[in-house]
Amino acid sequence: MILLVPNSPLYLLNRLYFRPMDVLSSVLDSVKLKAVVYQQTRFSAQWGIDVPKDSNSQFWRVLKGACYIIVPGEKPIKMKAGDFIFIPHGSRHLMCSKPGNIYVPAPQYVKSLHSKKPMFQGDEEETILIGGHFEFASAEQHPFLKALPKTIKIDNSNIELSLWMQRIASFMNEEVCGERLGGKVILGRLAEVLFILIIRFYLDGESVKTGFLKALKDPRISDSLLLMHESPEKGWTLEQLAKAVGMSRSLYSREFKRLMAETPLDYLTNWRILKSKELLAEKKINIREIAAEVGYQSEAAFNRIFKSKTGETPANYRRKMNKNTTG
């Protein structure tokens with residue numbers, strides 16, 4: 001076991017880098033990150049595809065050639081081989097060989113692939129893409145997902161990250177083309193690693209000004225988030241959280257709200273509700289026990305706060321989730 005001495009280089013590295021990832025990991029566990037990877041798409045003529053708005057987060061990587069990605073209202077993004085783009089909120093976007101092309105609806109293009117008569121085939125230089133999407137079971141519940149921008153582009157000038165992306169894309173490509181046993185599971189895991197790399201890249205940038213991701217970069221606020229995530233059952237007070245991270249109550253409260261746009265105790269309540277949803281859907285324990293696991297000694301109090309946040313009782317939520325699972 002490695003002993004982390006306070007204020008030592010290893011201790012500071014743990015606080016500044018690894019612990020934020022621990023916080024993020026706990027969020028991803030709760031929102032049930034899943035990933036799906038599509039088959040390769042190849043174009044060798046002037047082409048354009050209109051991808052409709054979706055509840056999932058799409059990603060694309062150019063394996064060969066070049067193209068443009070256009071989110072309506074934003075400037076066209078030029079993509080070259082090795083570049084990667086993430087569209088966190090599932091915004092409608094246009095993919096094309098050049099802006100101004102005629103855009104075919106994505107379902108129509110997919111239908112042409114399934115019929116073995118793919119569109120946009122010709123004698124021009126070939127462009128190859130691989131893509132997919134991320135699904136979040138509770139996307140609306142956590143500010144982390146809301147804090148992401150419309151697009152995140154990673155180009156191959158970031159050598160270290162590009163190397164990781166290249167390796168993952170290569171593995172993905174092998175699994176997509178090979179259709180071997182367990183391929184879907186492997187593709188899903190690779191895409192989940194890809195998601196973590198995207199967030200690391202975004203966290204390292206200068207564009208994160210406020211919100212959950214900015215809070216992850218603040219060692220003390222991040223530590224307090226980890227305390228709430230790891231022990232939602234504790235009867236945390238503002239004073240206890242502030243003391244645990246070495247801040248005064250007023251400074252902690254002010255800094256937390258500045259970054260997160262909500263108070264520490266409001267965040268704690270929302271986190272408890274998210275965790276309780278997870279427990280209601282997955283564990284066959286009674287509601288009183290679930291209430292205790294997320295910090296409510298009174299089942300009645302838990303019922304009230306759960307309904308105020310979700311619009312339904314815990315029992316109704318559990319029935320709905322069970323029906324969806326069995327249905």
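Here are some notes:
- Single match in Gln121, Gln108 (criterion: among the polar types (S, T, N, Q), surrounded by fewer than 19 Cβ atoms within 10 Å (Cβ to Cβ) and either assigned to a helix (DSSP H, G or I) or free of Cβ contacts under 8 Å to residues at least 40 places away in the same chain (or both)): Gln108
- Taken over the stretch 289-321, the criterion of being out of contact with any helix residue (DSSP H, G or I) (no Cβ under 7 Å at 6 or more places or on another chain) and touching a residue at least 24 places away in the same chain (Cβ under 8 Å) is satisfied by Ala292 alone.
- Filter result for Glu74 (closer than 20 Å to Ala169 by Cβ, open to solvent by 40 Å² or more (accessible area, probe 1.4 Å) and either of a type in the set (Val, Ile, Thr) or not in a strand (DSSP E or B) (or both)): no
- Applying the condition of being of a type in the set (A, V, I, L, M) and under 20 Å from Thr237 (Cα atoms) to the stretch 281-303 and asking which residue is surrounded by the fewest Cβ atoms within 10 Å (Cβ to Cβ) yields Ala301.
- Some residue of the stretch 267-280 being of a type in the set (Ser, Thr, Tyr), in contact with a helix residue (DSSP H, G or I) (Cβ under 8 Å, 6 or more places away or on another chain) and loosely packed, with under 15 Cβ neighbours inside 10 Å: no
- Scanning the stretch 218-238 for residues that are farther than 21 Å from Ser248 by Cβ and not polar (S, T, N, Q) returns His229, Glu230, Pro232, Glu233.
- Matching helices (runs of 4 or more DSSP H) fully within the stretch 180-288 where at least 1 residues are under 30 Å from Arg167 (Cβ atoms): 183-204, 212-216, 219-230
- Where a residue in the stretch 266-283 is without any contact (Cβ under 8 Å) to a residue 12 or more places away in the chain and its partner, wherever it lies, is buried (at least 18 other Cβ atoms within 10 Å of the Cβ), with Cβ under 8 Å and at least six apart: Lys283/Ile290
- Residue count for the stretch 179-207 satisfying the condition of being surrounded by fewer than 19 Cβ atoms within 10 Å (Cβ to Cβ) and of a type in the set (Val, Ile, Thr): 4.
- Residue in the stretch 25-61 that is surrounded by the most Cβ atoms within 10 Å (Cβ to Cβ), counting only those that are part of a strand (DSSP E or B) and over 21 Å from the mean Cα position of the chain (by Cα): Phe43
- Summed over the stretch 213-242, residues that are open to solvent by less than 30 Å² (accessible area, probe 1.4 Å) and closer than 29 Å to Glu289 by Cβ total 10.
The values are calculated or read from the model by the stated rules, or taken from the named source; none is laboratory data. All values reported here derive from a predicted model rather than from experimental measurement. Every residue, glycine as well, gets a Cβ built from its backbone with ideal geometry; the counts of neighbours run over all protein chains shown. We work out accessible area using only protein heavy atoms, side chains counted, and drop any ligands, DNA or RNA first. Shrake-Rupley method; radii C 1.70, N 1.55, O 1.52, S 1.80 Å.
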